[in-house]
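Below: the structure, in structure tokens.
The values are calculated or read from the model by the stated rules, or taken from the named source; none is laboratory data. No experiment lies behind these values; they were computed from the predicted model shown. Cβ placement follows ideal geometry from the backbone for every residue including glycine, while neighbour counts extend to all protein chains displayed. In case anyone asks, the SASA skips ligands and DNA or RNA and just uses the protein heavy atoms, side chains included. Shrake-Rupley method; radii C 1.70, N 1.55, O 1.52, S 1.80 Å.
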Amino acid sequence: MNHAAPGVPVRDTPRHAWTRWLPQGHALSPAEWRRRHRWVCAVLLVHVLVVPAYAVAWELPLLQAAGFGAVLAVFLAAAGFDDLRRYLADDPALPAWSPAWLRSCAAALGLVVASGEIVQISSGWTEAHFHFFVMVPVVALYEAWAPFTVAVGYVLFQHGIVGTLYPQIVFHNATAHHHPWQFAVVHALLFAAACTGSLTMWRLAEASRVRQGVLLEQMQHRALHDLLTGLPNRAALRAALETELVHGDDDLAVLMVDLDRFKEVNDTLGHACGDDLLQQVAVRLGSAVRDGDVLARLGGDEFAVVLPGSSARDARVVADRMRLALAGDLVVAEVAVDVDASIGITGRRHAATLRDPLDDGPGDVTDEIELLLRQADIAMYSAKTRRTGVAVYDPGDDENSSQRLSTLAELRAALEVGGDEQLHLHYLPVVEISTGSVRTVEALVRWRHPTRGLLPPAAFVPAAAETALAEPLTAFVLARALRQVAAWREEDLQVQVSVNVPARCLRPQFVTTVLDALAAAGLGSHCLRLEITEGGALHEDRTVAEVLVRLRQSGVSISVDDFGTGLASLSALRTLPVDELKLDPELVHGLAGDDPLARNADTVLVRSIVDIAHGLSLRVVAEGVETPALAAAVAAAGCDLAQGFHHSHPLPAEEVPALLRGTAPVVSG
């Protein structure tokens, strides 16, 4: 028997050929087990009430009828006592007094005893035996051998032993009184057929769950690892940094590694040889780092290393060892290639010296991660420019710091006077793939700078999103976009607007900001969709989850933006109030890549995400659809909506009505 606790899978063991079709007893998750156990207990409770009434209907004495119910009540008490105790104590985490397998056996035995009582009350009435066949699949819901074996054993006892000794109780047939074993064998064959059906469904459900687990594991591995080198990717690096910043000590170093002369290899020998070179470089760099260090490939020829518990001096030793590992020639397509690397170093103590003067708060882990990566990147470029091979971050080398601070200061000034004079919104249509219609537009902010001209979002939005300017900038875009939707609705144009929300805005007061903006525009909450980045939506932060729940309860739609770059917690999608997933453009572009193997892998991944999303009743939007080939690929993958330059560029507000009325062209596929 399998007495494993719920949620603990049983290891596969060598099995005989004739037992391979049987379930292996992979236990359910604790939550699923509790849900099924409560349902089985509810069925047993119904029998506690109904069986005595059934006995009275057959004109049995009241005392005997009550006895039938009392027996079942004992089994119900054994099965559900712990759940009742938790309910009365209002403490779901209260430890159980009895193991899960024992409670499931009590419930299972109670159900088949109820079947036996019904047969006995009916004096062996043939139709009453059908009750056994109904209870078998109910017991099989536990997907565990202990309750199933107990139930089957009782049925065999009731028909074989009791039926032989007291056939008048079990078999409503005069012939059975003289030849009880014949009837016992017939009933055993029929019951075996019912058991076979239940075991088959159990085995199929078990196999399906195992396949889903393997697929989820593959997706999570793909999401956190680079396919070419097998190293952790950018998302995994950020996760490692977050762990160290939250739980580690102050000594932490980050290395940014960029290969020299890699472009020459790609241009001369081709991309396939470039990929081969990157794989060899990954192996050599891996041999130079220490146990506990995290080596990741960020993309292209760029790598990064997280060194927990390391000072800048320790990091310099690792950097020199990495450059030494690359010193020997690498052979690619029978050609000896000499590749060197430029390495930038920064540490947590460096980052602590730079605090954003625009941020009134203490900052968070995300800010610190961005600062460390940016400093390491600046140091790497310094090493490359000066040809020193290795460089430690120096604030004097940060040429962008003054420009960045100046930009943020000017943006704050523009927002303080209302923002309408310099900040303008464009709208990117979201196209329904099946119909080609547009019912949602994404609001994108543009800045008409007094001296620098029209600035795209990339020039100021990412920087603002990392500082205290995230809140006022988001509030401006939200209010301006909702006012525009209200103006369109006066023209009888029904449209929903989507607004991007940085993770640091997801605080309790943001709910009030959203509801006030809707009220000021005179709009219902169904007119608004908020886009939260994957890291912001799936981050295991209770405050963020509560904010999203409150927003969704108010009727605002929630979309997870850039999905596929992190996949930090797929299981969170089951509980978070999310309506839509927007696939990251990098993931979408892989559907029409030049490499057939990579293209097939990306196609399988996207289709898997789409299947999981649809299973959770979520819509899927493909971002970055720029070519007809990509449009066809995302449609074939099952995506519901698409946006990108293939369908339309971002439009000023005055050009959107023609699009919504269908008088402006929108490419649908």
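Just to be sure before I move on: is Asp249 farther than 21 Å from Asp595 by Cα, touching a strand residue (DSSP E or B) at 6+ places or on another chain (Cβ under 7 Å), surrounded by fewer than 19 Cβ atoms within 10 Å (Cβ to Cβ) and of a type in the set (D, E, K, R) in the structure I sent?
Criteria not met by Asp249.
Assess whether Ser434 counts as being hydroxyl-bearing (Ser, Thr, Tyr) and modelled with pLDDT of 95 or more. Outline the logic, then answer.
Working: hydroxyl-bearing (Ser, Thr, Tyr): yes; modelled with pLDDT of 95 or more: no.
Judged against the criteria, Ser434 is not a match.
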Taking region 531-543 and the residues there that are buried (at least 18 other Cβ atoms within 10 Å of the Cβ) and not acidic (Asp, Glu), the one that is modelled with the highest pLDDT would be Ile532
Within region 553-579, the count of residues that are modelled with pLDDT of 90 or more and open to solvent by 10 Å² or more (accessible area, probe 1.4 Å) comes to 5
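Restricting attention to region 288-317, which residues are assigned to a helix (DSSP H, G or I) and in contact with a helix residue (DSSP H, G or I) (Cβ under 7 Å, 6 or more places away or on another chain)? Let's see the steps before the verdict.
Here is the first cut: in region 288-317, the ones assigned to a helix (DSSP H, G or I) are 288, 312-317.
Answer for region 288-317, where residues must be assigned to a helix (DSSP H, G or I) and in contact with a helix residue (DSSP H, G or I) (Cβ under 7 Å, 6 or more places away or on another chain): just Ala288.
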The condition of being modelled with pLDDT under 90 and charged (D, E, K, R) holds, among Glu546, Glu491, Glu471, only for Glu546
Checking Val511, Val499 in turn, the sole residue that is open to solvent by less than 10 Å² (accessible area, probe 1.4 Å) and out of contact with any strand residue (DSSP E or B) (no Cβ under 9 Å at 6 or more places or on another chain) turns out to be Val511
- Task: Evaluate region 282-303: report whether one residue or more is polar (S, T, N, Q), open to solvent by 50 Å² or more (accessible area, probe 1.4 Å) and within 18 Å of Pro232 (Cα to Cα).
- Result: yes
Across (1) in contact (Cβ under 8 Å) with a residue 12 or more places away in the chain; (2) open to solvent by less than 30 Å² (accessible area, probe 1.4 Å), Ala592 clears everything bar (2)
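Would you call Leu237 open to solvent by 20 Å² or more (accessible area, probe 1.4 Å) and of a type in the set (A, V, I, L, M, F, W, C)? Break it down into steps so the answer makes sense when it comes.
Values: open to solvent by 20 Å² or more (accessible area, probe 1.4 Å): no; of a type in the set (A, V, I, L, M, F, W, C): yes.
It is false that Leu237 is open to solvent by 20 Å² or more (accessible area, probe 1.4 Å) and of a type in the set (A, V, I, L, M, F, W, C).
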Reported set for region 39-54 where residues are open to solvent by less than 50 Å² (accessible area, probe 1.4 Å) and more than 43 Å from the chain's Cα centre (by Cα) is Val51, Pro52
Selection from region 626-655 of residues part of a helix (DSSP H, G or I) and either touching a Cys at 6+ places or on another chain (Cβ under 8 Å) or not acidic (Asp, Glu) (or both) yields Pro628, Ala629, Leu630, Ala631, Ala632, Ala633, Val634, Ala635, Ala636, Ala653
Within region 604-660, of all residues that are hydroxyl-bearing (Ser, Thr, Tyr) and loosely packed, with under 15 Cβ neighbours inside 10 Å, the one farthest from Met219 (Cα to Cα) is Thr627
The condition from (1) part of a helix (DSSP H, G or I); (2) free of Cβ contacts under 8 Å to residues at least 40 places away in the same chain that Ala598 misses is numbered (2)
